[in-house]
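Enquirer: Before I ask anything, let me first share the structure, which is written out below as structure tokens.
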Amino acid sequence: MSAAPKKDKVIIFDTTLRDGEQSPGATMNLDEKLQIARMLAKMKVDVIEAGFPIASPGDHDAVKAVASEIEGPIIAGLARSLEKDIERAASAVKPAKKPRIHVFLATSPIHRQFKLEKAKDEILKQAVWAVKLAKGYVDDVEFSPEDASRTEPEFVCEVVQAVIEAGAKTVNIPDTVGYAVPDQYALLIRTLKEKVPNINKAVISVHCHNDLGLAVANSLAAVRAGARQVECTINGIGERAGNASLEEVVMAMRTRSDFFDHVATGVETKHLMAASKLVSNATGIHVQRNKAIVGENAFSHEAGIHQHGVLKERTTYEIMHPEDVGVEKSKLVLGKHSGKHALGERLKELGYELNKKQLEDAFERFKNLCDKKKTIYDADLVALVEDQLVHGSPVWELELLQVSSGNKSLATATVILRKTSEGAGKKDEPQRFQDAAIGDGPIDALTNAIDRITGVPGKIMDYQVRAVTEGREAQGEVDVKVDFEGNVVHGRGFSTDIVEASAKAYLNAVCRAIMQGSSDVKSAERPGHVPPKPVGATP
Ligand code: KIV
Ligand code: ZN
């Protein structure tokens, strides 16, 4: 009997925490990044690009935290071809068992002329210098000629050859602006294989953006042409129209293994759905219903003729097993009499590993929810734990909300907030503040009242409300995008009362804006803001 042909591994490089986080308003906090990194490791992705350490102290610390905790995947940090960037990336990935520095420098004529104002020979020199500098810190260096797909192919070849000579082990060919089309992009990969004499000393990687909706098609065409690393993100989030979607790339190669017969990834696909939910919850970017693989409709059949076919023989209209990507019918998972251990185990399956204190808190919330809702679904558990995590260590917490509104009266809101800390690291005794405001409607009134207390006024740019599960007693989820003087931040809140969920979502955005902008709450406040006296304080 002849042995099955050996397949090449396609390295899956996940950049959800870096390029994905560059989606407008998708900023995640440290806890959320760690939850996602744990899920990516469980899924067995090969590389996690955990952030861009020079971007901010928060980015650096998040990469460092991922590098310290996550075992299995390579942990990469991104750096421009600048000394300060490379040093910062090196410091962030240092704790990792398998650290990588990913250096990039634009090579296309447009970027050379207008962004860098540098000639080809200067770019070449800087790229080699940067790779050598990074090699002084780690052995595993990746180089990206940014905007490679709009660069003269001969120059891409020249740069790639030089950086490999300098020690780059992976050469990534980005389609930075999503301009490529599959045949042309595949040709570029083949050209590199043919024209670069030392190409076999490095892995060819691809990184495609989705501006023309071709990111996945381009990535797959490149794999057929010889690329062996694909850079992608969960749910395809990323700059502008996003990056190639990890779940689509992986499932295409798996489902069409007859066509991709010489390659395979090592991703455990049964975690794809949980990963998708985790990322959409953390970023506030919902997955469209008809999204391939992880959209709500991806495995539902509406037309009678299809339903009939699937009932008789699943393969008539289904090319993948829903279970292979972790899609299960919503089911009653836990109830009033379930214990803490069962809750912890179920949450783990859903991608949430809570510490003892967090689990106790979640259990208390779970019991309270059981009093309000007869049936508890997975989606309820996710909402419950998300509500707890997004409001993990808030600066401001909602204690009381009273709103009155009607079609013939002015909306008014009274709010009591607890100020639980004076910024990162400094824990104070909580103080309570109350205020009231009017508005055009209940949401306007309550955000005005919150602004009066916090002194961090925001403008709601986007407001979405949806039911977490079906039925009249369902929990509501509110997602908001709030503009704090040019800094757009998302926030999310859950409650069986959607007005309360709105207040929590807005407050969540306020807290994120404070934590992002500064560790000092006061400096985030509007100048001249005089907060109301704490409730109970003597005048
Ligand atoms: O799109 C791009 O070119 C990038 C690089 C930094 C790899 O994200
Ligand atoms: Zn990119």
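Enquirer: Which entries in the list 132/169; 84/135; 115/201; 94/132; 357/459 go over 23 Å, if you measure between the two C-alpha atoms of each?
Expert: Values: 132/169 12 Å; 84/135 15 Å; 115/201 31 Å; 94/132 17 Å; 357/459 34 Å.
Exceeds cut-off: 115/201; 357/459.
Enquirer: Now for a different question. Among 86-94, 240-248, how do they line up by average Cβ neighbours within 10 Å per residue, starting with the highest? If you can, show how the numbers build up before the last one.
Expert: Working: 86-94: 22.8, 240-248: 25.3.
So the order, starting with the most tightly packed, is 240-248, 86-94.
Enquirer: Okay, moving on. When a footprinting reagent is the concern and you count Cβ atoms within 10 Å, what order do 144, 23, 404 take, fewest first?
Expert: Details: 144 27, 23 23, 404 12.
Lowest count first: 404, 23, 144.
Enquirer: Right, here's the next one. Which of the GluC sites (Glu not before Pro) found in the stretch 115-200 are loop residues per DSSP with 13 or fewer other Cβ atoms within 10 Å of their Cβ?
Expert: Details: sites: 117, 122, 142, 146, 154, 158, 165, 194; in loops: 117.
Those satisfying the criteria are 117.
Enquirer: If you restrict to DSSP beta bridges whose two residues both lie in the chain, what percentage is antiparallel, to the nearest 5?
Expert: That works out to approximately 50 percent antiparallel.
Enquirer: How large is the Rg to Rh ratio of the stretch 1-132 when both quantities use alpha carbon positions and Rh follows Kirkwood?
Expert: Values: Rg = 17.1 Å, Rh = 16.0 Å.
Expressed as Rg/Rh, it is 1.07.
Enquirer: Considering only DSSP beta bridges with both partners in the stretch 8-283, what is the antiparallel share in %, to the nearest 5?
Expert: Numbers: 1 of 38 bridges.
Taking every DSSP beta bridge with both residues in the stretch 8-283, the antiparallel ones total about 5 percent.
Enquirer: Here is a follow-up. In whole Å, what are the extents of the stretch 125-244 along the principal axes defined by its C-alpha atoms, from largest to smallest?
Expert: Between the extreme Cα coordinates on each principal axis of the stretch 125-244 lie 37, 29, 21 Å.
Enquirer: Okay, moving on. Return the ratio Rg/(2.2 N^0.38 Å) for the chain, where Rg is computed over Cα atoms only.
Expert: Numbers: Rg = 25.1 Å, N = 539, 2.2 N^0.38 = 24.0 Å.
Compared with the compact-globule rule of thumb, the chain sits at 1.04.
Enquirer: Take residue 305 and residue 97, extend 7 Å from each Cα along the Cα→Cβ direction, and tell me the distance between the two endpoints in nm.
Expert: 5.4
Enquirer: Let me see the pair-distance distribution of the stretch 1-68: every alpha carbon pair, 5 Å bin width, integer percents in order.
Expert: 3, 16, 25, 21, 11, 6, 4, 4, 3, 2, 1, 0
Enquirer: Computed FRET efficiency, Cβ-Cβ of residue 165 and residue 191, R0 25 Å: what is it to the nearest 0.05? Don't jump to the answer; show the numbers that get you there.
Expert: Numbers: r = 18 Å, r/R0 = 0.73.
Rounded to the nearest 0.05, the efficiency is 0.85.
Enquirer: Another question, then. How about residue 336: which lysines have a C-alpha closer than 18 Å to its C-alpha, ignoring those fewer than 8 places off in the same chain?
Expert: Straight-line reach from residue 336, under 18 Å: 367, 372, 373, 374.
Enquirer: Here is a further query. Would you kindly state how much longer the chain becomes between residue 7 and residue 31 on full extension, computed as 0.36 nm times their sequence separation minus their alpha carbon distance, in nm to one decimal? Show your work: numbers first, answer last.
Expert: Numbers: separation 24, 0.36 × 24 = 8.64 nm, distance 3.67 nm.
Full-extension gain reported as 5.0 nm.
Enquirer: Mind giving me the nanometre distance, one decimal, between the label points for residue 315 and residue 516, set 7 Å out from Cα along Cα→Cβ?
Expert: Taking the two extended label points, one gets 4.9 nm.
Enquirer: Under Stokes-Einstein, with the Kirkwood radius over Cα pairs standing in for Rh, what whole-number D in µm²/s applies to the stretch 8-283 at 25 °C and 0.890 mPa s? Display every interim value, and only then the final one.
Expert: On the way: Rh = 18.2 Å.
Rounded, D is 135 µm²/s.
Enquirer: Can I ask one more? Give the order of 435, 175 when sorted by the count of other beta carbons within 10 angstrom, beginning with the fewest.
Expert: Placing the least packed residue first, the sequence is 435, 175.
Enquirer: Another question about this same structure. At a threshold of 8 angstrom on Cα-Cα distance, excluding pairs fewer than six apart, so keeping six or more, what relative contact order does the chain reach in percent?
Expert: Working: 1115 pairs, mean separation 56.5, N = 539.
The value is 10 percent.
Just so you know, all these numbers are worked out from the coordinates, no wet-lab data involved. None of the values given here were measured: they were computed from a predicted structure. Virtual Cβ from ideal backbone geometry, glycine too; neighbours counted across all protein chains shown.
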